[in-house]
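Notes to accompany the following structure.
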Amino acid sequence: MTVIHWDFGSAYDFFISLVVIHHPDRFGLRGAWAAGVRSRFSPEERQFLEEAINFFPVPISWINQLPIENKSARAILDALAALPPEKRLISLYKPSRMTEEVISTINQIHSNQMITSEDLEILRPVFQRRSTPLKTRDLQRIAEVFLNPGAFGESLLNLMQAYYQVFFEEEEERILPSLKEGIFNAQKQAEIQPFTELLEDLSHGVKLENIEQYKKITLAPSYWTSPLIFFNNPKPDELLVVFGCRQETENLVPGEYVPESLVLGLKALADSTRLRILHYLDQGATTPSDLARRLRLRAPTVIHHLNTLRLVGLVQVTLTANGDRRYSLRQEAVEDTFAQLNSVIKTDTI
């Protein structure tokens, strides 16, 4: 029997927001605004972050397993500071990735002060996070961290503390009420909805096959990840999901009236290829390769368009048991987009 657990804290948003401001296009955030946040760092801090963010994980498993009730950003920074500097980076990765072979390789790099091609291949699965293969030269730069992991750990902590001071301390205060409302609403939904439906609603269109394989499922709200989700498996029979709880009437960038979801939705629709994709998805769920064949486009191009549509919630994706992804249209989201447009046009408060 699957048991649902809940977790709460701004620490999830602390790390997720770091990723978002460095990859604003993936999350529908205006690049100029994200650059403004990054400009609050010193040039040295910006350079360190821009290099580290490419292999730095969003440590949702690490946050979740910490034995503290209030997982605020400040509490998480204290927990990070309590770790030995040389252990800070590797502690943030899923334990399943830090195998005995990986740990031994990291220690060997440090003690020998050299990196072999065999070392790189052992480390590759640890730092391969996206579907695009990690280039060897980038992997080499990551591995160089372990030549002096203590120095990197000190720099990492200093940077995290600086980010909290120059940006996130104020942001935490702004988003905390929405996080509390988000988990309250989700828990109410969980009382009346089957979990598969609950997850689809909370994730804005993600379905997981064979959900019954998990004995424990933990859900945690996030403001900055909306409308996407972060998830992983702390253990083979456990699932951890960080879901976006930001309401459509709330904006990631404070102070804007026009709903952010409407602007992003209209931008996504203003493309002939994406409109054709929606046309085909209206006929039934399908795979990126099938769409590529119909559209006579390369599969990576189709996946790029699907990710854009997924970001604004116009399509849903089903993750099959064998790892395939099948996309389908979210008709209610299309109708909501045009309802929002009509509401903004007719409002008298702009």
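The values are calculated or read from the model by the stated rules, or taken from the named source; none is laboratory data. This structure is a prediction, so every number in the text was calculated from the model and none was measured. Don't worry about glycine lacking a Cβ; one is built from the backbone with ideal geometry, like all the others, and counts go over all protein chains shown. Just the protein is used for accessible areas: all its heavy atoms, side chains included, with ligands, DNA and RNA removed. Shrake-Rupley method; radii C 1.70, N 1.55, O 1.52, S 1.80 Å.
Here Phe168, Phe184 are screened, and the one residue that is of a type in the set (Phe, Trp, Tyr) and closer than 23 Å to Asp336 by Cβ is Phe184.
Look at Glu51 and say whether it is of a type in the set (Asp, Glu), over 23 Å from the mean Cα position of the chain (by Cα) and not in a loop (DSSP other than H, G, I, E, B). So Glu51 does not fit the description; no.
Residue by residue, here is whether (1) open to solvent by 50 Å² or more (accessible area, probe 1.4 Å); (2) out of contact with any Leu (no Cβ under 7 Å at 6 or more places or on another chain); (3) of a type outside the set (A, V, I, L, M, F, W, C) holds:
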{"site": "Glu181", "(1), (2), (3)": "yes, yes, yes"}
{"site": "Gln187", "(1), (2), (3)": "yes, yes, yes"}
{"site": "Phe195", "(1), (2), (3)": "no, yes, no"}
{"site": "Leu199", "(1), (2), (3)": "no, no, no"}
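Looking at Ile21, Ile63, Ile90, Ile76, just one residue is part of a helix (DSSP H, G or I), under 13 Å from the mean Cα position of the chain (by Cα), of a type in the set (Val, Ile, Thr) and surrounded by 16 or more Cβ atoms within 10 Å (Cβ to Cβ), and that residue is Ile21. Among residues of the range 141-157 that are free of Cβ contacts under 8 Å to residues at least 12 places away in the same chain, none has a beta-carbon under 9 Å from a residue that is open to solvent by less than 30 Å² (accessible area, probe 1.4 Å) and of a type in the set (S, T, N, Q) at least six positions away or on a different chain.
If you go through the range 93-116 and keep only what is open to solvent by 30 Å² or more (accessible area, probe 1.4 Å), of a type in the set (Ser, Thr, Tyr) and part of a loop (DSSP other than H, G, I, E, B), you end up with Ser96, Thr99, Thr116.
Taking strands (runs of 3 or more DSSP E) as the structural unit, no element lying wholly within the range 233-350 holds at least 3 residues that are free of Cβ contacts under 8 Å to residues at least 12 places away in the same chain, crowded, with 19+ Cβ neighbours inside 10 Å and touching a strand residue (DSSP E or B) at 6+ places or on another chain (Cβ under 7 Å).
Given the condition closer than 22 Å to Phe243 by Cα and at pLDDT below 90, answer yes or no: does some residue in the range 38-50 qualify? No.
Hey, could you check the range 206-221 for residues that are closer than 24 Å to Phe14 by Cα and not aliphatic (A, V, I, L, M) and say which is surrounded by the most Cβ atoms within 10 Å (Cβ to Cβ)? Selected residue: Pro221.
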